[in-house]
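The values are calculated or read from the model by the stated rules, or taken from the named source; none is laboratory data. Computed from a predicted structure; not experimentally measured. Positions of Cβ are generated from backbone atoms using ideal geometry, with glycine treated the same way; all protein chains shown enter the neighbour counts.
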Amino acid sequence: MNPVEAQAPGKLMLSGEYAVLCNAPAILVPVERRVFVRIRPLQHGPSRLQATPLIEGSLEFAPDHGAFWMNPVQAHQALGMSARLLPRLWAMLSLRKSVAWVEIQVDSSELFEQHAGSQIKLGIGSSAAVSVALYRALQALVGDRVSTRDPARDLSTLLPVYRASLEADASGADLAASLYGDLIAVTPNHHGLAAQPLSWPEGLFYQPVWTQEAAQTVDFVERFTQWRQSDRCAESLVTELSSRAAQVVVSFQHESPALILEALAGFAQTLRRMDDHIVSSTASQQRIVSPAHQQLARLAERHGVVYKSCGAGGGDLGVALSDQRQSMQAFVDSLDSIQARPIALTAQTGPYMQ
């Protein structure tokens, strides 16, 4: 058996965060920061997994061992959801019947950024990208080659396993982005998720921005869920946010930069109002649209640029958009005045400023 390799891209959630948890559409942009997986057969066991940059050395596992991992506590502490994902993928693909011992190398270094002497994980869908790259490599290991790849089929197959491994509320939109590897609108339905390819309109520029802060998606999603259950204003705001998310998709279908900018500005405005309600009705003072994102939004407004936080928010990444290159460049140049910086994600689609 020869070694096999696979890869999957990260993503930016351009719009639809939180709304997608309520069956509204989201738009996701793939980025050229990738997770790489290589699997090679071993002559003897146990099998082992290397995860760069999460761990030094390797973690041993034996699929016929009751706990799968030889040291379950160490594996779950070091790998998080991936420690729950790999045994599920192994069982789903019936690898116990066809594979003896292997070495799995997972490299997600590109999804981290160096800052102040530390490696900080970016909010570009690392769990989803790892899931897709592992799934594709394991598929190849059992003979299901890339030539048979069907993103819609793979999404319906992988989504339940991904959600179960996360052990948290998740739309799975980032999983779809990694599987399709293209600009898509994702809409939840009774089958799981439906993905619709979109085209990036000519003349629409965008630039990801990093606040140089970290964010925990699970924490913010939990607060959102609690707020929906406790605040009587919640449903009207969620309905408005969902409507705004749908308008963004329609604007992309028209491929009109002006309509897209207007729709994204409206979505960002409603998200900020929702954030105010969540903060006022919960004990936590952590904001979805953090002070850093608020500062960036004010700076963007001065340059005639639309800015919004991406994903769960609370820090990490945002995105600036404009149909005027000079305005966008002026905004990017002004980032030196605050603790944020344009980040090189090398987008796979669309006019990108860096």
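Within the range 133-173, restricting attention to residues that are crowded, with 18+ Cβ neighbours inside 10 Å and outside any helix (DSSP H, G or I), the residue that is modelled with the highest pLDDT is 172. Residue 333 fulfils the conditions (1) in a helix (DSSP H, G or I); (2) buried (at least 19 other Cβ atoms within 10 Å of the Cβ); (3) out of contact with any Phe, Trp or Tyr (no Cβ under 7 Å at 6 or more places or on another chain); (4) of a type outside the set (Lys, Arg) except for a single criterion, (2).
Evaluate the following for residue 123: is it at pLDDT below 95, buried (at least 22 other Cβ atoms within 10 Å of the Cβ) and in a loop (DSSP other than H, G, I, E, B)? When the stated conditions are applied, residue 123 passes them. On inspection, residue 261 passes the criterion of being touching a residue at least 12 places away in the same chain (Cβ under 8 Å), out of contact with any helix residue (DSSP H, G or I) (no Cβ under 6 Å at 6 or more places or on another chain), assigned by TED's automatic domain parsing to the domain that holds residue 304 and surrounded by 18 or more Cβ atoms within 10 Å (Cβ to Cβ). With respect to being acidic (Asp, Glu), in a helix (DSSP H, G or I) and more than 28 Å from residue 315 (Cβ to Cβ), residue 219 falls outside the description.
Considering only residues in the range 27-52 that are more than 24 Å from residue 13 (Cα to Cα) and within 26 Å of the chain's Cα centre (by Cα), the one that is surrounded by the fewest Cβ atoms within 10 Å (Cβ to Cβ) turns out to be 52. Here residue 76 fulfils each of the conditions (1) modelled with pLDDT of 90 or more; (2) in a loop (DSSP other than H, G, I, E, B) apart from (2). For the range 35-43, does any single residue satisfy the condition of being touching a residue at least 40 places away in the same chain (Cβ under 8 Å), within 30 Å of residue 252 (Cα to Cα) and in contact with a helix residue (DSSP H, G or I) (Cβ under 7 Å, 6 or more places away or on another chain)? Looking for residues that are touching a residue at least 40 places away in the same chain (Cβ under 8 Å), within 30 Å of residue 252 (Cα to Cα) and in contact with a helix residue (DSSP H, G or I) (Cβ under 7 Å, 6 or more places away or on another chain), one finds at least one in the range 35-43, hence yes. In the set (1) of a type outside the set (Lys, Arg); (2) more than 13 Å from the chain's Cα centre (by Cα); (3) at pLDDT below 95, the condition left unmet by residue 24 is number (3). Residues in the range 310-317: is at least one in a helix (DSSP H, G or I), touching a residue at least 24 places away in the same chain (Cβ under 8 Å) and either of a type in the set (Ser, Thr, Tyr) or closer than 23 Å to residue 230 by Cβ (or both)? No, the range 310-317 has no match at all.
Taking residues in the range 195-206 that are closer than 19 Å to residue 174 by Cβ, and partners anywhere that are among the hydroxyl-bearing types (Ser, Thr, Tyr) and buried (at least 18 other Cβ atoms within 10 Å of the Cβ), the pairs with Cβ atoms closer than 9 Å and at least 6 places apart or on different chains are 195/180; 195/187; 196/187; 197/180; 200/206; 206/322; 206/352.
Taken over the range 89-104, the residue count meeting the criterion of being part of a helix (DSSP H, G or I), within 14 Å of residue 139 (Cβ to Cβ) and not aliphatic (A, V, I, L, M) is 1.
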